[in-house]
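Quick note: the coordinates plus some simple rules give every number you see, no bench work behind them. None of these values were measured; they are calculated from a predicted model. Counting neighbours? That spans all protein chains shown, and the Cβs are built from the backbone with ideal geometry, glycine included.
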Amino acid sequence: GNCQATTDYNCYQQVKQSYAGNLRNGWLKNGVYHPALQNVIVINEPELKLGSINQPILWSRAIISAIDGMLDAEREANVSGLLINFSVPFSFGVCNLCTQPTEPF
């Protein structure tokens with residue numbers, strides 16, 4: 001499901017389930033990542049895909065909870081060896097609230 005609409009930007013469960021499927025269905029061999037895998041994009045351009053660019057607290061929650069789900073999926077799959085890098089690429093859009101948050105996390 002859409003973590004923006006259904007779980008208030010908490011992407012943990014949705015991403016954990018999806019990532020666990022990737023791990024089961026070819027990303028791992030004997031508990032080790034396939035050597036061709038070095039990086040995976042967690043969420044591409046979250047500030048554009050997850051509502052308004054000027055809601056950094058919300059899309060930050062989505063990013064952090066998604067990574068948490070991915071880490072737990074790795075842990076439950078007993079991944080060993082070199083782990084792959086997680087990446088969150090941002091656009092060149094300007095977030096006016098990103099330099100001075102208006103409320104605490």
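Report ³J(HN,Hα) in whole Hz for each residue of the range 61-78, in order, from the Karplus equation J = 6.51 cos²θ - 1.76 cosθ + 1.60 where θ = phi - 60°; Gly and Pro get x.
Rounded to whole hertz, the list is 4, 4, 4, 5, 5, 5, 4, 4, x, 5, 5, 5, 4, 4, 4, 5, 8, 6.
Label-point separation (nm) for Leu82 and Arg24, each offset 7 Å from Cα along Cα-to-Cβ?
The answer from the label model is 2.8 nm.
Out of residues 5 or more away from Val32 or on other chains, whose amide H comes under 5 Å of its own, with H placed 1.01 Å from N in the peptide plane?
Ser80
At 10 °C and 1.306 mPa s, grab the translational diffusion coefficient of the range 14-87 from Stokes-Einstein with a Kirkwood Rh over Cα pairs, rounded to a whole number in µm² per second. Numbers along the way, then the final one.
Working: Rh = 13.1 Å.
For these conditions, the coefficient is 122 µm²/s.
Using +1 on the beta carbon of Lys and Arg, -1 on that of Asp and Glu, and nothing else charged, what's the dipole of the chain about the Cα centre, debye to 20? It would help to have the intermediate numbers written out before the result.
Working: 6 positive and 8 negative charges, 63 e Å.
Dipole size: approximately 300 debye.
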